[in-house]
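Colleague: I'd like to ask some things about the structure below.
The values are calculated or read from the model by the stated rules, or taken from the named source; none is laboratory data. Quick caveat: nothing in here was measured; it's all calculated off a predicted structure. Positions of Cβ are generated from backbone atoms using ideal geometry, with glycine treated the same way; all protein chains shown enter the neighbour counts.
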Amino acid sequence: MLNATPGWAIQAQGLRCVLGGHTVLDGLDLAIRPGQFVGVFGANGAGKTTLLRALLGLQPLQSGRLRLLGRENLSARAQIGYVSQRDPIGADSFLRVRSFVGTAWQGERWGLGLSGARQRAQAVDAALQALEIESLAERGMDALSGGQRQRARIAQALVNPVRILLLDEPLSNLDPQAQQRILLTARRLCTEQGLTVLMTAHDINPLLPHMDQVLYLAGGRGRLGTVDEVVNAAALSALYGLPMAVARDGGYRFIHPADGFMPEDAAHCGHDHGHAEEGEGG
């Protein structure tokens with residue numbers, strides 16, 4: 001039985017998710033505190049995107065218990081911001097950044113009137129400020145760089161009051177400088193606003209200076225802890241069910257010691273490999 005514990009942003013016990021007859025998550029347990037920055041890693045199909053969708057209520061659970069912000073009902077999900085892998089409508093259009101961010105404000109409501117318009121403008125201004133993109137407010141989305149567009153997407157996710165922010169592969173296809181800007185922003189949101197941030201990624205190394213915990217997924221299972229607790233030979237060998245070694249040479253690299261090559265599942269944590277978009281299956 002999952003006991004509600006004060007002070008947890010996300011609590012999960014025995015989460016099991018099945019996609020297309022394939023068990024993606026199988027008995028996953030989580031306990032994440034408010035204000036933590038958690039990096040979520042694993043190969044394509046390991047369950048990264050599936051986990052985020054389960055937290056959002058978009059992916060049904062076959063079994064298990066889930067509490068968000070101390071509640072098991074759907075009301076807590078209104079306080080989750082989400083940036084998916086795929087660009088939403090308007091992300092690459094001539095739509096102004098201010099208008100793009102504002103499209104997500106209280107989208108379930110109609111007929112806001114003048115008072116609502118003022119509140120919406122204030123919320124948009126606050127979101128732009130949080131992402132430090134006020135200077136881009138009147139620029140078209142199609143005129144932004146990749147990193148600027150990604151920050152506009154995160155601002156859109158924060159235009160409503162949220163306490164949990166889910167970022168699915170936000171660093172993909174960005175240069176190192178743009179990646180660091182996103183990571184510094186995520187860290188600042190945790191520290192200054194107390195947001196809980198879960199960010200999926202294929203490479204652990206850029207996140208090392210910023211995240212509080214690592215969640216590594218493999219074979220339907222997961223291990224959550226600090227980098228030292230999770231990224232070591234014993235922990236990863238147990239998770240993968242095969243012998244693993246961890247090498248550090250300016251970053252983390254995982255090796256299969258039996259034959260000296262890096263398994264596909266682990267390759268994403270230390271090297272830049274091309275990868276298919278996870279979509280529903282990740």
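Colleague: Assigned to a strand (DSSP E or B) and either closer than 29 Å to R33 by Cβ or touching a helix residue (DSSP H, G or I) at 6+ places or on another chain (Cβ under 9 Å) (or both): which single residue out of R86, R67 fits that description?
Modeller: Matching residue, one of R86, R67: R67.
Colleague: Right, here's the next one. In the stretch 223-239, what residues are charged (D, E, K, R) and surrounded by 15 or more Cβ atoms within 10 Å (Cβ to Cβ)? Steps first, please.
Modeller: Kept after step one, since they are charged (D, E, K, R), are these residues of the stretch 223-239: 223, 228-229.
Hit for the stretch 223-239 is R223, nothing else.
Colleague: For Q59, indicate whether it is within 26 Å of A186 (Cα to Cα) and among the polar types (S, T, N, Q).
Modeller: Yes; evaluated as a whole, the condition is true for this residue.
Colleague: On the given criteria, is G220 touching an Asp or Glu at 6+ places or on another chain (Cβ under 6 Å), of a type in the set (G, A, S) and either under 17 Å from T49 (Cβ atoms) or buried (at least 18 other Cβ atoms within 10 Å of the Cβ) (or both)?
Modeller: In short, yes.
Colleague: Which is farther than 21 Å from H202 by Cβ, crowded, with 17+ Cβ neighbours inside 10 Å, among the small types (G, A, S) and not assigned by TED's automatic domain parsing to the domain that holds I133, of G21, G64?
Modeller: G64
Colleague: Within the stretch 192-206, is there a residue that is more than 30 Å from G146 (Cβ to Cβ), at pLDDT below 95 and buried (at least 16 other Cβ atoms within 10 Å of the Cβ)?
Modeller: No, the conditions are met nowhere in the stretch 192-206.
Colleague: Within the stretch 207-217, how many residues are crowded, with 19+ Cβ neighbours inside 10 Å and either more than 16 Å from L236 (Cβ to Cβ) or not assigned by TED's automatic domain parsing to the domain that holds G39 (or both)?
Modeller: The total comes to 3.
Colleague: L184 versus (1) assigned to a helix (DSSP H, G or I); (2) surrounded by 22 or more Cβ atoms within 10 Å (Cβ to Cβ): which is the lone unmet condition?
Modeller: Of (1) assigned to a helix (DSSP H, G or I); (2) surrounded by 22 or more Cβ atoms within 10 Å (Cβ to Cβ), only one is false for L184: (2).
Colleague: Please find, within the stretch 180-206, the residue that is farthest from G35 (Cα to Cα) out of those that are in contact with a strand residue (DSSP E or B) (Cβ under 7 Å, 6 or more places away or on another chain) and small (G, A, S).
Modeller: A201
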